[in-house]
Protein chains: 2
Amino acid sequence: MTTKKIGTQTAALANPPTLAGWANVVGKKEGEGPLADTFDYIDGDDTFGESTWEKSESAMQKQALGLALNKAGQAAKALDWLFAGDLLNQCIGSSFAARGQEVPFFGLYGACSTMGEGLVLASMTLDGGFGEWAAVTASSHFCTAERQYRTPLEYGGQRTPTSQWTATAAGAAILAREGPGPYITHVTVGKIVDKGITDTNNMGAAMAPAACSTMLAHFNDTGRSPNSYDMIFTGDLGTLGSELLVELLRKEGIQMQNHADCGSMMFDIENQDVHCGGSGCGCCASVLTGYILNNMKAGKWKNILFCPTGALHSPTSAFQGESIPGICHAIAISTTK
Amino acid sequence: MTTKKIGTQTAALANPPTLAGWANVVGKKEGEGPLADTFDYIDGDDTFGESTWEKSESAMQKQALGLALNKAGQAAKALDWLFAGDLLNQCIGSSFAARGQEVPFFGLYGACSTMGEGLVLASMTLDGGFGEWAAVTASSHFCTAERQYRTPLEYGGQRTPTSQWTATAAGAAILAREGPGPYITHVTVGKIVDKGITDTNNMGAAMAPAACSTMLAHFNDTGRSPNSYDMIFTGDLGTLGSELLVELLRKEGIQMQNHADCGSMMFDIENQDVHCGGSGCGCCASVLTGYILNNMKAGKWKNILFCPTGALHSPTSAFQGESIPGICHAIAISTTK
């Protein structure tokens with residue numbers, strides 16, 4: 001039996017799973033941004049009809065999953081596995097969303113890289129011969145994140161110029177073992193990279209080295225280059241982290257001219273007061289399950305590389321003076337096998 | 001291509017991976033308990049030489065992984081993947097432990113079921129043809145858990161009779177695609193089960209229904225019964241949750257007379273003032289990677305079922321009046337394929 005692992009960090013899927021359905025839901029501010037017409041549902045007041053922000057976040061994840069299942073023409077009971085994660089302590093956004101769904105459940109924590117971690121695990125599981133259908137969901141909510149990571153909203157704290165805005169968003173993708181594509185063909189799993197950044201208001205800088213590391217591994221492992229893809233999407237480095245990534249890759253001799261960042265695309269940076277852009281598990285999850293996959297389906301791109309990044313610190317580790325470990329996973333998606 | 005999923009929640013591994021090495025490290029109190037001689041390292045003051053309890057927990061996880069790799073005769077660089085989790089907000093116990101290890105990393109959150117979730121994912125990944133070596137680690141620390149979930153240690157809060165004691169412990173297992181066993185032959189992935197328990201000091205009661213649900217699924221999916229196993233280990237229901245599980249199964253027509261619970265075994269319940277027993281990701285992880293696997297290796301048992309349980313709530317969800325969602329995964333381990 002041969003291994004489907006190639007190089008040091010990459011799995012080449014022998015029978016690439018299909019992305020059979022995808023959907024997203026977002027909050028009001030996100031719905032006023034440039035990607036508005038790529039969202040399946042925009043809530044009017046970010047509550048999603050719930051009495052606490054945490055319950056709102058669970059409701060978002062549940063709704064995104066329901067919409068994605070619908071597009072895939074499947075019911076939740078068809079799912080063999082559900083992979084889910086979020087930013088909340090003990091990942092309650094996901095576990096409360098999965099409660100009552102009756103699906104075998106894997107809770108993940110990859111910070112803002114969670115959608116990528118889920119896609120990696122779901123595609124390896126299906127390609128490995130385990131089941132026919134899997135779902136991946138991830139979410140974030142501005143109001144749950146602010147009070148958990150920063151200050152109560154009522155405090156009205158000022159934000160530094162390097163900060164990002166946690167998106168109120170959830171994305172869900174349904175993977176099928178067989179189908180017409182788009183296909184997940186290769187997945188590169190990130191190592192933890194920590195270059196000593198301690199400023200929790202500059203997470204783009206903390207995550208850019210991880211993105212660089214995983215991309216280099218992906219190109220080495222697969223023999224590909226940035227030009228192998230129509231577009232390379234990171235999420236969510238923001239504007240500053242994106243510049244840093246391009247520079248880091250350039251120092252490694254790699255020119256990347258087809259790059260866009262989900263955090264930089266989510267909002268109108270000039271006019272929506274988000275400083276360096278969007279962040280949160282739901283940011284790149286909702287950009288993938290809207291703008292990116294919709295455009296692939298419409299024929300705009302044939303091959304893309306989706307590289308979500310995460311900052312694996314906590315308020316406690318930051319208070320204790322620790323630097324911020326970053327991680328990035330890379331998922332190659334193609335309209336052909 | 002046939003599926004290796006059987007029934008509704010179980011994967012039957014076609015080429016069962018081997019547990020090639022395992023190790024654990026624990027704190028002082030755990031080292032004074034009945035399982036003392038099954039631990040690889042017992043720390044004298046629970047600091048593991050670090051300046052904060054969170055750093056101590058990371059050090060534990062790192063040390064357990066190093067010892068397990070050593071027993072498997074491998075270096076960290078041989079690992080294709082590392083699956084890790086803990087109870088801390090944003091799972092910093094794991095991500096800081098993995099920093100500098102240079103291994104592709106998957107962060108998991110399954111509360112006290114995390115060791116099981118990791119074993120499920122690692123064995124499906126290797127059986128699926130992705131790589132040759134994987135590691136699974138999980139940890140908990142009494143002092144990090146107390147201040148995060150309950151009250152500062154200095155407060156000296158009293159504990160209710162139904163409460164459990166978070167074990168200061170970490171366990172690590174190294175899985176290999178080929179080897180002489182013991183083998184992971186079947187894994188049953190839990191659904192989230194919530195019977196409305198809201199008392200966070202009675203987590204055994206919250207988790208017992210999840211254990212019952214997953215065991216029933218395992219027996220249905222595999223055509224097995226409790227008697228198919230020499231021993232069935234849950235972790236960590238504690239004494240009260242264990243009684244409840246036996247009763248719940250009896251109502252379903254299943255007599256289970258070969259059951260033991262890692263939480264009930266970790267401490268001397270009568271004399272160590274732990275009320276209903278041990279808990280925490282590290283509790284069942286260290287009992288598996290010591291008492292259980294050592295005894296299998298010594299020939300005491302040929303087939304066991306390892307069923308770690310998790311309570312997927314958070315202090316925030318509890319404050320908001322939410323009940324406690326439980327989960328349990330079941331891992332069948334055998335000395336023969």
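The values are calculated or read from the model by the stated rules, or taken from the named source; none is laboratory data. None of the values given here were measured: they were computed from a predicted structure. With ideal geometry, Cβ positions are generated from the backbone for all residues, glycine too; neighbour counts draw on all protein chains shown.
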Counting just the residues of the range B:78-97 that are in contact with a Leu (Cβ under 6 Å, 6 or more places away or on another chain) and over 19 Å from B:A20 (Cα atoms), which one comes out nearest to the other protein chains (Cβ to nearest Cβ)? B:S95
Between residues in the range A:302-315 that are away from chain B (no Cβ under 14 Å) and residues that are assigned to a helix (DSSP H, G or I) and among the polar types (S, T, N, Q), which pairs lie under 9 Å by C-beta distance while being six or more apart or on different chains? A:N303/A:S228; A:I304/A:N295; A:L305/A:S228; A:C307/A:S113; A:C307/A:T214
Return the residues of the range A:73-86 that are buried (at least 24 other Cβ atoms within 10 Å of the Cβ) and either assigned to a loop (DSSP other than H, G, I, E, B) or not charged (D, E, K, R) (or both); say none if nothing qualifies. A:W81, A:L82, A:F83, A:A84, A:G85
Return yes when A:T166 is farther than 19 Å from A:H275 by Cα and either at pLDDT 95 or above or crowded, with 24+ Cβ neighbours inside 10 Å (or both) and no when it is not. no
In the set B:G181, B:G171, B:G157, which member is surrounded by fewer than 17 Cβ atoms within 10 Å (Cβ to Cβ) and either outside any helix (DSSP H, G or I) or not β-branched (V, I, T) (or both)? B:G157
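Quick grid of which residues meet (1) away from chain B (no Cβ under 14 Å); (2) over 17 Å from the mean Cα position of the chain (by Cα); (3) farther than 25 Å from A:L35 by Cα:
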position: A:A176; (1), (2), (3): no, yes, yes
position: A:V189; (1), (2), (3): no, no, yes
position: A:D199; (1), (2), (3): yes, yes, yes
position: A:M203; (1), (2), (3): no, no, no
With respect to A:S56, is the statement that it is within 11 Å of chain B (Cβ to nearest Cβ) and assigned to a helix (DSSP H, G or I) true? no
Kindly check whether there is at least one residue in the range B:259-270 that is of a type in the set (D, E), surrounded by fewer than 18 Cβ atoms within 10 Å (Cβ to Cβ) and either assigned by TED's automatic domain parsing to the domain that holds B:A330 or in contact (Cβ under 8 Å) with a residue 60 or more places away in the chain (or both). yes
Restricting to the range B:282-305, name every residue that is part of a helix (DSSP H, G or I), over 18 Å from B:G93 (Cβ atoms) and of a type in the set (G, A, S). B:G290
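Report the residue count in the range A:98-141 for those that are assigned to a loop (DSSP other than H, G, I, E, B) and at the interface with chain B (Cβ under 8 Å from one of its Cβ atoms).
Going through the range A:98-141 one residue at a time, the tally reaches 13.
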Exactly one of A:P226, A:P180, A:P161, A:P152 is closer than 30 Å to A:G66 by Cα and more than 19 Å from the chain's Cα centre (by Cα), and that residue is A:P180
Just to be sure before I move on: is A:T144 over 21 Å from A:S51 (Cα atoms) and facing chain B (nearest Cβ under 9 Å) in the structure I sent? no
